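K.L.:
Below: one structure in structure tokens.
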Amino acid sequence: MAHKSFRPEGDGKADMTLKGISLDRLKDRMGLLQSFDQFRRDVDAAGLMEGMDAFNQQAFGILTSSRLAEALDHTREPRRTIEMYGKGDTGIRGDAAPRILEQFLVARRLVEAGVRVVTVAFSFWDWHGNNYGNARSDMPMFDQGVSALIRDLHDRGLDRDVAVCAWGEFGRTPKINKDGGRDHWPRVSCALLSGGGMKHGQVIGATDRLGGEASERPVHFMEVLATLYNHVGIDTDTATLPDLTGRPHYITDGHKPIRELI
């Protein structure tokens, strides 16, 4: 619960600043909230209330500091930097995210403000039709945003501290369907990793000529997660998470970080 994502968008941005409430009154409200939560602690075996406490502390920290609100305001950046990232498109296709290039710049600003993990959802990639038309529209924009982020992190000396991972949840069929698109394909996918002090300039793994099956050095998606966990100091050999019955499970099912990168 303490590590669930927070989405600073839409009307929620207005809730990040105090409006007509003093810090003393906010402190009184914190005390009242704690008293409401207290009665649930004796029956909480899953750590939910402890997680909520941490989440509440973060929320009150946002209200009593302007760091997050300022980090979300990318217009504070020099014009040259804003132009490097480019301007996106707020229109939404399908059930996915808009193509907002400014989000990549906001991600860098959030990292500098102390945020540990930032997720940027960009565009609509479920191309069951018009594969080539969608690719010609989306790929150049995505390339600009990711390239600008990586270049910006290097220029600011953040490339060893900040790891960047760009990927989706599955691949696409190696053959084009009757609608000129590609369908869901769990056998092969790809990921781009940058920064984090990793060894770059290499392609790890290969597929057959159709891109349908792994032919060399198949990389499990848990290896990617293990690599990212390793970067933030989590030992995947010992770290566990409990299931709903309290039984511990290793977070990457025994998979190790990608050896070629670390």
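The values are calculated or read from the model by the stated rules, or taken from the named source; none is laboratory data. This one's a predicted model, so the numbers in the text were calculated from it and none came from an experiment. Ideal geometry is used to build each Cβ from the backbone, glycine not excepted, and the neighbour counts take in all protein chains shown.
K.L.:
Which of the residues that make up the stretch 187-203 are touching a strand residue (DSSP E or B) at 6+ places or on another chain (Cβ under 9 Å) and assigned to a loop (DSSP other than H, G, I, E, B)?
P.N.:
Arg187, Val188, Ser189, Cys190, Gly196, Gly197, Met198, His200
K.L.:
Filter the stretch 233-262 for residues that are of a type in the set (Gly, Ala, Ser) and under 26 Å from Pro218 (Cβ atoms) and give the result.
P.N.:
Within the stretch 233-262, Ala239, Gly254 qualify.
K.L.:
Hey, another quick one. Give the residue, chosen from Arg247, Arg217, that is more than 30 Å from Trp185 (Cβ to Cβ) and of a type in the set (D, E, K, R).
P.N.:
Exactly one residue qualifies, and that residue is Arg247.
K.L.:
Within the stretch 180-211, which residues are small (Gly, Ala, Ser), crowded, with 16+ Cβ neighbours inside 10 Å and farther than 23 Å from Ile262 by Cβ?
P.N.:
Listed by number, the residues that qualify are Gly181, Gly211.
K.L.:
Would you list the helices (runs of 4 or more DSSP H) that sit entirely within the stretch 48-98 and hold 2 or more residues that are modelled with pLDDT of 80 or more?
P.N.:
Of the helices (runs of 4 or more DSSP H) lying wholly inside the stretch 48-98, those with at least 2 residues that are modelled with pLDDT of 80 or more span 67-71, 79-85.
K.L.:
Turning to a different aspect of this structure: For residues that are out of contact with any Ser or Thr (no Cβ under 8 Å at 6 or more places or on another chain) and within 26 Å of Asn230 (Cβ to Cβ), tally how many sit in the stretch 170-186.
P.N.:
1
K.L.:
Now, a different point. Take the residues in the stretch 163-179 that are part of a strand (DSSP E or B), among the small types (Gly, Ala, Ser) and without any contact (Cβ under 8 Å) to a residue 60 or more places away in the chain, then tell me which one is surrounded by the most Cβ atoms within 10 Å (Cβ to Cβ).
P.N.:
So the residue we want is Gly171.
K.L.:
Does Asp126 count as of a type in the set (Asp, Glu) and over 18 Å from Trp167 (Cβ atoms)?
P.N.:
So Asp126 does not fit the description; no.
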